[in-house]
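The values are calculated or read from the model by the stated rules, or taken from the named source; none is laboratory data. In this text the structure is predicted, and so the values were computed from the model without any measurement. Note: ideal-geometry Cβ built from the backbone for every residue, glycine included; neighbour counts use all protein chains shown. Accessible surface areas use protein heavy atoms only, side chains included; no ligands, DNA or RNA. Shrake-Rupley method; radii C 1.70, N 1.55, O 1.52, S 1.80 Å.
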Amino acid sequence: AGEAPSIGLQLLAYLVLTSAEVLVSVTGLEFAYTQAPTKMKSAVMALFLASTALGNLFTALVNLLITNADGSTATSDVAYFCFFVALMFVVAVAFVPFAYTFREQTFVQGGEDDPRPHEVETAAAVGQPQQQWRAGGAPCSRGVKHVDSVSS
């Protein structure tokens, strides 16, 4: 049923698909990381990766359901891809209300919402080169002093 594509076309297809996957994954992971509060970064990243796994599981289930006992498929290639196009359209439309009401917040490690006492700022920021300062009040390891022990 049709001609076999050359190896060059197959490599080009893999190159485009792999590049797209890398770009989408990096963007999604960065968004998940910056939008998660500090104490929930690991959980949100795990949920992002779990959503990818569930998507792959769904695709495998669809493939299992449309495969005949002899290994052939019960649908044509066009119907198969049209199903996924329609599914992506439905999901995109369902996502619009969420995207419209979403308010971006950035939670970066070491930011105001980060309660960890080990976050440091450079000593140059407080006018004393060669030392580092951190919030808290007591000295810490390796000669690092806390911010509120600094006199202006």
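Being aliphatic (A, V, I, L, M) and not in a helix (DSSP H, G or I) is the filter here; which residues of region 38-67 pass it? Reasoning before the result, please.
First pass over region 38-67, keeping only residues aliphatic (A, V, I, L, M): 40, 43-47, 49-50, 53-54, 57, 60-62, 64-66.
The one that is aliphatic (A, V, I, L, M) and not in a helix (DSSP H, G or I): Ile66.
For region 66-81, what are the residues that are surrounded by 10 or more Cβ atoms within 10 Å (Cβ to Cβ) and not polar (S, T, N, Q)?
Selection gives Ile66, Ala74, Asp77, Ala79, Tyr80, Phe81.
Restricting to region 109-131, give me the number of residues that are assigned to a loop (DSSP other than H, G, I, E, B) and either modelled with pLDDT under 65 or open to solvent by less than 80 Å² (accessible area, probe 1.4 Å) (or both).
Within region 109-131, the subset assigned to a loop (DSSP other than H, G, I, E, B) is 109-119, 127-131.
Checking which are either modelled with pLDDT under 65 or open to solvent by less than 80 Å² (accessible area, probe 1.4 Å) (or both) leaves us with 110-119, 127-131.
Counting residues in region 109-131 that are assigned to a loop (DSSP other than H, G, I, E, B) and either modelled with pLDDT under 65 or open to solvent by less than 80 Å² (accessible area, probe 1.4 Å) (or both) gives 15.
How about region 1-50: which of its residues are touching a residue at least 60 places away in the same chain (Cβ under 8 Å) and more than 26 Å from Ala99 (Cα to Cα)?
Correct list: empty.
Somewhere in region 98-108, is a residue in a helix (DSSP H, G or I), out of contact with any Lys or Arg (no Cβ under 7 Å at 6 or more places or on another chain), open to solvent by 100 Å² or more (accessible area, probe 1.4 Å) and over 23 Å from Glu21 (Cβ atoms)? Break it down stepwise before answering.
Quick first cut of region 98-108, residues in a helix (DSSP H, G or I) only: 98-101.
Right, trim to out of contact with any Lys or Arg (no Cβ under 7 Å at 6 or more places or on another chain) and you get 98-101.
Restricting the remaining residues to those that are open to solvent by 100 Å² or more (accessible area, probe 1.4 Å) gives 98, 100.
Okay, now just the ones that are also over 23 Å from Glu21 (Cβ atoms), so 98, 100.
Within region 98-108, one or more residues are in a helix (DSSP H, G or I), out of contact with any Lys or Arg (no Cβ under 7 Å at 6 or more places or on another chain), open to solvent by 100 Å² or more (accessible area, probe 1.4 Å) and over 23 Å from Glu21 (Cβ atoms).
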